[in-house]
1. Are there any pairs with C-beta distances below 9 angstrom linking a residue in region 316-330 that is more than 18 Å from Ile265 (Cβ to Cβ) to a residue that is surrounded by 11 or more Cβ atoms within 10 Å (Cβ to Cβ) and small (Gly, Ala, Ser), with the two at least 6 apart or on different chains, and if so which?
2. Just to check your reading of the model, which residue among Leu138, Leu150, Leu131 is closer than 30 Å to Ile299 by Cβ, surrounded by fewer than 16 Cβ atoms within 10 Å (Cβ to Cβ) and hydrophobic (A, V, I, L, M, F, W, C)?
3. So, in region 304-315, of the ones that are in a loop (DSSP other than H, G, I, E, B) and of a type outside the set (D, E, K, R), which residue ends up nearest to Ala113 (Cα to Cα)?
4. Could you count how many residues in region 42-65 are modelled with pLDDT of 65 or more and of a type in the set (Val, Ile, Thr)?
5. Tell me, yes or no, whether region 109-126 has at least one residue that is out of contact with any helix residue (DSSP H, G or I) (no Cβ under 9 Å at 6 or more places or on another chain), within 25 Å of Ser90 (Cα to Cα) and part of a helix (DSSP H, G or I).
6. How many residues does region 304-332 contain that are touching a His at 6+ places or on another chain (Cβ under 9 Å) and surrounded by fewer than 15 Cβ atoms within 10 Å (Cβ to Cβ)?
7. Which one of the conditions (1) outside any loop (DSSP other than H, G, I, E, B); (2) under 27 Å from Phe94 (Cα atoms); (3) of a type outside the set (Lys, Arg) does Asn177 fail to meet, given that it meets all the rest?
8. Return the total of residues in region 77-105 being of a type outside the set (Val, Ile, Thr) and over 17 Å from Ala65 (Cβ atoms).
Amino acid sequence: MAISRIHPLFLLLLLRAFALLPTQASARGGHDLSDYGDNGPVSRNLLQDKPHITEEMARGYMSNAELEIAVHAFGSRRSNISRIYSIGKSVNDFPLWVIEISDKPRQREAEPAFKFIGNVHGDEPVGREVLMHLANWLCNNYLKDPLATLIVENMHLHILPTMNPDGFALRWRGNANNIDLNRDFPDQFFSVNNDINYRQPETRAIMNWVKQEHFTASASLHGGALVANYPWDGTRDTGWDNVVVAITISGSNQYNFVSGVHGRIFAADTGRPVPGSVMIKGIDSKVRASRTFGDYHRIIVPGEKYEVMASMEGFRPKSTRIVLEQEAVNLDFILDPDGADGQLKLHSDYGCHCGNTMMFHVQEAHIWLYLLVLCVLLTLYLVFKRKTASRLLAYRYSPRRPVAV
């Protein structure tokens, strides 16, 4: 498919379909045990084949320098709904630029944050062009198109057009060290890939990025095949969960949508948000609320009845039943503290240790120390003031000396 024919509606539909998915650092793709060899993770990740990509094949795509200019030009043009920042650098020291799109950029809100990554493989450059096309479409149509306005005002999009600028410049699949970045992330099923000493700078940047931002869902754009990844899809156990997400793309551009439940969790006694977790009965996986706003976002298949339960250590869990139609359900939870433990847990989370007896004695000792220091300073001040007053009196009644001019 030519780039000029890729309509942003495709990615916008993906946004609606994936808006409540659990966070993933990257799409892994299939694993083959034969890739591991006998020499550990380096031999597994080194790519032996370097496809011959001609300049003719790369014609029409933006170079890394042109992409960088386009990103900053975008930020300058629509600074009111965007922010440009870097999450790190590649092996060859090229910045990994991110475009944040929101009606309140630079601010954290109780809204789902979505992460887009393009050009994970150097020889799959369509994603970088499509993501720039998506960013421009959203900003050009904000307050004009209902769908663009809905996304900008109700989500925080973080778009990384290229994760592998070096591979694109070198015209091969891996990064500058010829490492397949798609398989450089920690893997719970293949421990040989968890040696941090071999982690690439691009991979480290993504991992630190995920720790800093509370992403609700993620998507990475690849080329060559239609693949849908989901949490723990590397396991051979197919009965680990119910259907997480189903996307059907047909020739008539009709899409099978999914919906979900979202809301916030509060403490009943203080009214403050708390970072609890939410579970759906019959689905053995938790979604954790953010620490700042206590907001959670959980994707579930529409047209069903669900029992949703919110819980947190030190609080009594609470559950309720919902009927999910095509639209998402907004469901807030107010949890009651479970006796003294709930009070202690809440105070601990917010940096207050007033309920801790030991900390109270320490704070009491600090108060007496502060009072003692204050008394000493006050005494020194009075002594100094008295000496100053004596000197002034002596000066007032002493013979005056002539002033030389």
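The values are calculated or read from the model by the stated rules, or taken from the named source; none is laboratory data. None of these values were measured; they are calculated from a predicted model. Reconstructed Cβ throughout: ideal geometry from the backbone, glycine too, with neighbour counts over all protein chains shown.
1. Here the result reads Leu324/Ser259; Leu324/Gly260; Glu325/Ser259; Gln326/Ser259; Glu327/Ser259, each pair linking region 316-330 to a residue that is surrounded by 11 or more Cβ atoms within 10 Å (Cβ to Cβ) and small (Gly, Ala, Ser).
2. Leu150
3. Met312
4. Qualifying residue count, region 42-65: 2.
5. no
6. 1
7. Going through (1) outside any loop (DSSP other than H, G, I, E, B); (2) under 27 Å from Phe94 (Cα atoms); (3) of a type outside the set (Lys, Arg) one by one, Asn177 breaks only (1).
8. 13
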